[in-house]
Amino acid sequence: MSKENKKWFSLNLGSGKSSQKCGCGNEKGSCSSENKPQEHKDGFQQVFDVQMSRRTAFKKLTASLMIGAGAVSTSCSMFSGDESKEKAQIDWEEQFKGNYKLMSDEEKEATVNRLVRSYELRTGKTISMSSTNANENVLFGYAFNISKCQGYMDCVNACVEENNQDRSTQMQYIRIHEMEDGKGFNFNEADDNYYHEVPAAGHFYMGTQCFHCDNPPCVDVCPVQATWREEDGLVVIDYDWCVGCRYCMAACPYDGRRFNWKTPEVPEEEINKNQHYLGNRLRKKGVMEKCTFCVQRSRAGKNPACVEACPTGARIFGNLLDPESEIRWVLENKKVFRLKEDLGTEPKFWYFMD
Amino acid sequence: MAFFKVFGSLVKDSLRVTTHGSRHYHIWMAFLTFIMLVGMYCYSIQIEHGLSVTGMTDRVSWGLYISNFTFLVGVAAAAVMLVLPTYVLKDVDFKQAVLIGEGLAVAALLMCLAFVVADMGGPAVLWHMIPGIGVFNFPNSMLTWDVIALNGYLFINITIPLYILVMHYQGKTPNPKIYIPGVFISVFWAVGIHLVTAFLYQGLQARPFWNNALLGPRFLASAFAAGPALIILVLAIIRNFTKFVIEDKTIKKIGMVVAVAAQINLIMLASELFKEFYAPTHHSESAYYLFFGLEGKTALLPWIWTAIPLNILATVLLTFHKLRNNLNILYFSCLILFIAIWIEKGFGLIVPGFIPGPWGKIAEYTPTGIEIGVTLGIWAMGAFIFTILAKTSIKIESGELRFRGKK
């Protein structure tokens, strides 16, 4: 991403570590790689969050390219300890597991357990990861009140922190477009990368993110079905199945998808350890990711982080199949509209004004 | 078993032939090897750090690799313009050129596959795409159609010439009943690969610059101009450096093919420009960016304004029989036409598709040195493969290389 992409949120995030190089002067890897309990002699591109030195990264990749030859040798080795054997076993199974979409519930649980264990082996810390399926009679929808949004970008902050997005490239799922009064919804002249005090006089604000279309073009084009629409309407990605061709990115009319151009970096202390396989678990380089309406929260009955963080109440989220829900009230009582409806994508993201 | 014996001997002979040659030949091969090594080094950096070492971003997510891929599919498809007259219409003039054309198709297809792999974020998990082991999203994803089309075409273009060469190698006449059906399939398949590749872009409602019914036909026209133009240049070089006889008549006939295709291409270009600029809509912004720049962002201007005049000049030169039949002018026109179409069908097509972005953001794309290094490396690989294929087949066709199984 370009250097001028300095976003409002970076001021609020933790101690601002995201934009600083660490003290060891090692720009590419991370100084934390020295603190790891042990050097791993094998491994795959299944990078998880572990920040590695260049050498380790290269080793891992070579091993991966040789389709696990490294793992075989390690797991057969007489000299390596039980832990590294277990790690190799996990890496092996993760490298050759199937597509999450096609897994049975047991298989889903097994891969989640492997990922949690692997994280524990690598960092000594425990995370909780869920593989909760879509609840019955739930279809998620979202509404955005243009009158209320003031462009504070608290939603963007909350999203980045909740979803463990790469801090080094300042990846954001949400874009807030600052538009000039009197020009209507003129996205061309809007600024989605502003860095000044808000609300700016004579402007209004409009947020975009993944609209979780009912007829998503990104899903059709994926050559390996690594992205799909879940029963509750969420459009999700299996990060481990994605081959990184970026066809979905070209197919999305809403700029809803992001690519990990490099290994994502999230400072250990800022990692959100409450994760979902399809949601905010740590990604690796070379795969797509996107907004999941915070699947780890929404399937647990909570609002997405952006909704919770919004100080003006401009964001409304809920179950479209529940007649009592707030989102249904908005759809029934406000003059709602959607963006680029002519493309036939059927977004589940509505805009309205007071 | 007899076939494998012959084939083994052919491989051995071809290894001998391709490792021996004039000083020029060795310099050429050493040069290509060097470029390939540079390309591999660049690719190793890309593997280590990810695609962040390229100029691509979330705003412009396909760049030089996919541009070259798109262009080379066209070059590969162009072999059909030689195959069709030779085998189907029994026009002998093309017989000398057709093996060269098919060799070029094989090299171009391998380059295509290399460019696609270079563009992947996770080349290590490409097995996810193999039907059976992975999940092949057929027929929904046009990319899976393209995988089938390209690999099928590669198979056809390897087997047919191989059969003919193996037969000639043994001093036998190839049986038309065996290879003619394959030839017919390859004719349709060649149109198919290019149309399918066009549909890859054409089917995206998100990108108005590509979502245009003329894209597929225009792909075909430009491919049938650029591909045979390259074949003419290659034949000219082969004629110059080897004893292989290629008559003027053959080259002039291919020149005719190029001329017609270039004219059709130009008509379609005019139609496209008319639609974009007579009554410009919101959807014409990409074309505006390409030809005139938007908001002071003008990175593609020098390229497209090189391509268009070259394209027109080449087409005009090729249109006049007198000029086209002068071989030097023909070679010159083919060269500039090839360059023009490479620009126009390459990043002149891919990059503006992303600019402006879905919300009107204009973020430009400039390839990095590493990206260019990998690209050159892949082109060198293509040239290397083609040289080996061409050298062997020329030796067989000229009768210098023969099977000596039973002594």
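The numbers here are math on the coordinates, done by the rules we state, and not lab data. Quick caveat: nothing in here was measured; it's all calculated off a predicted structure. Virtual Cβ from ideal backbone geometry, glycine too; neighbours counted across all protein chains shown.
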Gain in span if fully extended, residue B:133 to residue B:148, counting 0.36 nm per residue against the direct Cα distance: 3.8 nm
Do any GluC sites (Glu not before Pro) in region A:240-349 lie in a DSSP loop with no more than 10 other beta carbon atoms within 10 Å, and if so, which? A:324
Rounded to 0.05, the calculated FRET efficiency for the beta carbons of residue A:273 and residue B:298 at R₀ = 45 Å is 0.40
Of the peptides B:232-242, B:310-320, how do they stack up when ordered by the mean number of other Cβ atoms within 10 Å, highest first? B:310-320, B:232-242
Give me the number: length gained by fully extending residue B:177 to residue B:245, i.e. 0.36 nm times residue separation minus the C-alpha to C-alpha distance, one decimal in nm. 21.8 nm
Within region A:315-354, report the trypsin sites (Lys or Arg not before Pro) that DSSP leaves as loop and that have at most 13 other Cβ atoms within 10 Å. A:335
Relative to the compact-globule estimate 2.2 N^0.38 Å (N residues), the Cα gyration radius of chain B stands at a ratio of 1.01
What is the angle, in °, between the Cα long axis of helix B:176-202 and the longest principal axis of the Cα atoms in chain B? Nearest 10 is fine, range 0 to 90. 10 degrees
Sort B:33, B:368 so that the residue with the fewest other Cβ atoms within 10 Å of its own Cβ comes first and the one with the most comes last. B:33, B:368
Quick check: the distance between the Cα centres of region A:281-354 and region B:357-399, to the nearest angstrom? 45 Å
Given 15 as the ceiling on other Cβ atoms within 10 Å, longest exposed-site-free region of chain B for GluC sites (Glu not before Pro) in DSSP loops: B:1-246
What is region B:31-397's relative contact order, in percent, from Cα pairs under 8 angstrom and six or more apart in sequence? 31 percent
Cut-off 10 angstrom, C-alpha nodes, Gaussian network model of chain B. Which of B:170, B:46, B:202 fluctuates the most? B:170
Candidates B:181, B:356, B:161, ranked by Gaussian network fluctuation over chain B, Cα under 10 Å, top entry: B:181
Efficiency of FRET between residue A:353 and residue A:195 - r from beta-carbon atoms, R0 22 angstrom, step 0.05: 0.25
Whole-number percent relative contact order across region A:135-354, with pairs defined as alpha carbons under 8 Å at least 6 apart: 31 percent
Assuming R0 = 30 Å, what is the FRET efficiency of residue B:256 and residue B:27, from their Cβ-Cβ distance, to the nearest 0.05? 0.30
If we restrict to alpha carbons, what Rg and Dmax does region B:104-204 come to, in Å? 16.2, 52
For the residues B:22, B:186, what sequence is obtained by ranking on other C-beta atoms within 10 Å, fewest first? B:22, B:186
Tell me whether region A:127-193 comes out rounded, prolate or oblate; compute the Cα gyration tensor, take square roots of the eigenvalues as a ≥ b ≥ c, and use a/c under 1.5 as the rounded threshold. oblate
Before rounding to the nearest 500, sum -39500 (n - 2.57) across all DSSP H runs of length at least 4 in chain B and divide by the residue total; then give [θ] at 222 nm in deg cm²/dmol. -24000 deg cm²/dmol
Any idea how far the Cα center of region A:91-119 sits from the one of region B:215-281, in Å? 51 Å
Give the relative contact order (percent, whole number) for region B:141-241; include only Cα pairs under 8 Å separated by 6+ residues. 26 percent
Any chance you could list P(r) for the protein assembly as shown, counting all Cα-Cα pairs in 10 angstrom bins from zero, rounded to whole %? 3, 13, 22, 23, 18, 12, 7, 2, 0, 0
Within 10 Å of each Cβ in A:211-221, the average number of Cβ atoms from other chains: 2
What's the angle, to the nearest 10 degrees (0 to 90), between helix B:327-345's Cα axis and the longest principal axis of chain B? 50 degrees
Between 0 and 90 degrees, rounded to the nearest ten: what's the tilt of helix B:369-397 against the longest Cα principal axis of chain B? 30 degrees
In nm, give the distance between the simple-model label positions of residue A:322 and residue B:402, each being 7 Å from the Cα along the Cα-to-Cβ direction. 8.7 nm
What's the ranking of B:333-342, A:179-188 by average number of surrounding C-beta atoms within 10 Å, highest first? B:333-342, A:179-188
Report the residue, chosen from B:11, B:83, B:38, that carries the largest GNM mean-square fluctuation when chain B is represented by alpha-carbon nodes joined by springs under 10 Å. B:11
Ranked A:350, A:329, criterion: other C-beta atoms within 10 Å, fewest first: A:329, A:350
Quick one, can you get me the convex hull of the C-alpha atoms of region A:135-354 expressed as volume per residue in Å³? 128 Å³
Mind jotting down the three principal axis lengths of region B:46-146 based on Cα atoms? Whole angstrom, largest first. 52, 33, 22
Taking K and R as +1 and D and E as -1, what net charge do the other residues with C-beta under 14 Å from the C-beta of residue B:98 add up to? -2
